[in-house]
Structures are given as C-alpha cells and as structure tokens.
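The values are calculated or read from the model by the stated rules, or taken from the named source; none is laboratory data. Note that the structure is predicted; figures quoted are calculated from it, not measured. No Cβ is skipped: glycine too gets one built from the backbone with ideal geometry, and neighbour counts run over all protein chains shown.
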Amino acid sequence: MSSRAARILTFAEYAKVRHAVPYVVDIGGDDRRLVLFGVRHSSDPGDPMFDAIERTFTALAPRFALHEGTPPAVEPEREIAIRRHGEAGLVRHLAARGAIETASMDISLPDEARILREELSPADALVFLVVRQLASFNRKTARMDFDGYFRDFFDLITPPLGYAAIDWPLIEREHQRFLGRPLERASITGLATDPTRAELPTQRIATFSNRLRDEHMLARLLAALDDHGRVFATVGVTHAVMLEPALRAV
C-alpha cells in the first residue's frame, strides 16, 4: 500500500463520520482543480441531486470527467441517461454535450473478478458479483433488457472466474449454498453488498472489494488531475468521504 493510499479511511474510521449526502470534495484552484461529487445511487430524474451534479459540472467546466463502474452508453436525452445509468449516465451525457472525454475510475469487472478469485472460491466471488449487479439493475427506473444486460455482464466475469459458462441455475445453487436462502432476483437491493455492514458474507466481501476499489480510484483521480488539470468525478458518497483525506494530503 502506498503512503497516499494509507490515508484512505478505514470502515471503522468511516463509521465515526457524520456527513451530508450528497458530499462534495473540492480540491485545488482554477488551473488545477478536482471536484469529486459523492452521491447516493439513484436513477430518479426528479431527484434534486442530479440538478446539483449538473450545476457543479457546468460551473467547473472540466477538461475530463470520471465516473464509477463500467462506462455506460452515452444517451442523447438527459432523463433517459439518468433512468438507465444513474449519475454515471448523467456525467457521460454532460461530457458528450461539452465534447470532453470520460473514463471509469473503477477497477474493471474482469480485473475485480480475477482479484476476488485469488482471495475467495470462484463460486463465492460469483455470488457477490451477481447480487451487486442485480442491486444496480433493480434501482434503474428505465430498465434495459434483463437477459441482454446480464449476458454482457456474464461475458465479462466468466473467464476471470474460471468458468466455462455462467447461467442462472448455477447462480441460484451457489446463492442457496452461500447465503442459505433462495435467490429472489427482483428483491435484491444494495443492502446485500453494503460494505459498512458485516452480517452477510457478501457484505464482508464488499468491505474487501471497496478497499481495493478505493485505492484504484485514488490513483485514477490523481493521474487524471495531473493529465487534465480540471477534473469532475462522481462516485458513491461513501467512497468520496473515505477518499477525501488522501486527496487533501496531495
């Protein structure tokens, strides 16, 4: 772990912090400035948080933008961008409108699956990744094709997890084994992989995964700041709060 990464809050430290949502980390000056906008994950276009994201983005006039997760499609309409992809969709929409480039600051899904397989059994890693993805799909207010969405997701994680193929019967068997209850796809929420809790094994995996992702995000944010000078980024609020001490130290 680098000295910079050591300044990222632990979850024990984070548990003592009381913070607003959204939470904005604004670092630097006019020529070299990073605004990290910490959000609650939502896909409701009526949520005033999205207006705040757009106002902050416009005021900053960034030269580059970053988001959490796999890069979503660029949607021409703001409402559809939010309904399908949440804050990442809005960032991609705003960046396209302003003719600036974007990238994910997250670990890619294949890389994350590969790392998890080194620490866990492939089956346990599979259950974690799938329930986290189900929670993401379930909170979208403009649903994409379920089968197509998960077919693309399975294509990304199958090779690094070492499976020849992944299908729902396999996932359902492993979910029952790992969590002791049937998988109810439509009822999965972010609680299943909440890294601030530890009752479920998937939550404990999330704590490990989020630390890896925070370290990766820190490096990506600092590299973007060096390369582009003025950077806007959105991320889940927990990440923003935990990354702030490391960013301010730089």
Per-region count, the range 8-55, residues surrounded by 15 or more Cβ atoms within 10 Å (Cβ to Cβ), at pLDDT 95 or above and either among the basic types (Lys, Arg) or more than 20 Å from the chain's Cα centre (by Cα) (or both): 3
Pick from the range 195-219, criterion buried (at least 18 other Cβ atoms within 10 Å of the Cβ) and among the acidic types (Asp, Glu), ranking: nearest to the chain's Cα centre (by Cα): Asp214
Those residues of the range 93-143 which are touching a residue at least 24 places away in the same chain (Cβ under 8 Å), among the hydroxyl-bearing types (Ser, Thr, Tyr) and either in contact with a Pro (Cβ under 8 Å, 6 or more places away or on another chain) or assigned to a loop (DSSP other than H, G, I, E, B) (or both), in sequence order: Thr102, Ser104, Ser108, Thr141
Residue match in the range 57-65 (condition: under 17 Å from Ala240 (Cα atoms), at pLDDT below 95, not basic (Lys, Arg) and not in a helix (DSSP H, G or I)): no
Among the candidates Phe232, Phe208, Phe150, Phe178, residue that is free of Cβ contacts under 8 Å to residues at least 60 places away in the same chain, of a type outside the set (D, E, K, R) and within 21 Å of Glu68 (Cα to Cα): Phe150
Positions within the range 220-235 being under 15 Å from the mean Cα position of the chain (by Cα) and surrounded by fewer than 21 Cβ atoms within 10 Å (Cβ to Cβ), in sequence order: Arg220
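Here is a check on your reading of the model: is Leu225 part of a helix (DSSP H, G or I), of a type in the set (A, V, I, L, M, F, W, C), in contact with a Gly (Cβ under 9 Å, 6 or more places away or on another chain) and closer than 28 Å to Thr102 by Cα? Quick ask: steps written out before the conclusion?
Working: part of a helix (DSSP H, G or I): yes; of a type in the set (A, V, I, L, M, F, W, C): yes; in contact with a Gly (Cβ under 9 Å, 6 or more places away or on another chain): yes; closer than 28 Å to Thr102 by Cα: yes.
Spelling it out, Leu225 is indeed part of a helix (DSSP H, G or I), of a type in the set (A, V, I, L, M, F, W, C), in contact with a Gly (Cβ under 9 Å, 6 or more places away or on another chain) and closer than 28 Å to Thr102 by Cα.
Tally time: how many residues in the range 66-88 are in contact (Cβ under 8 Å) with a residue 24 or more places away in the chain and either closer than 15 Å to Glu54 by Cα or part of a helix (DSSP H, G or I) (or both)?
12
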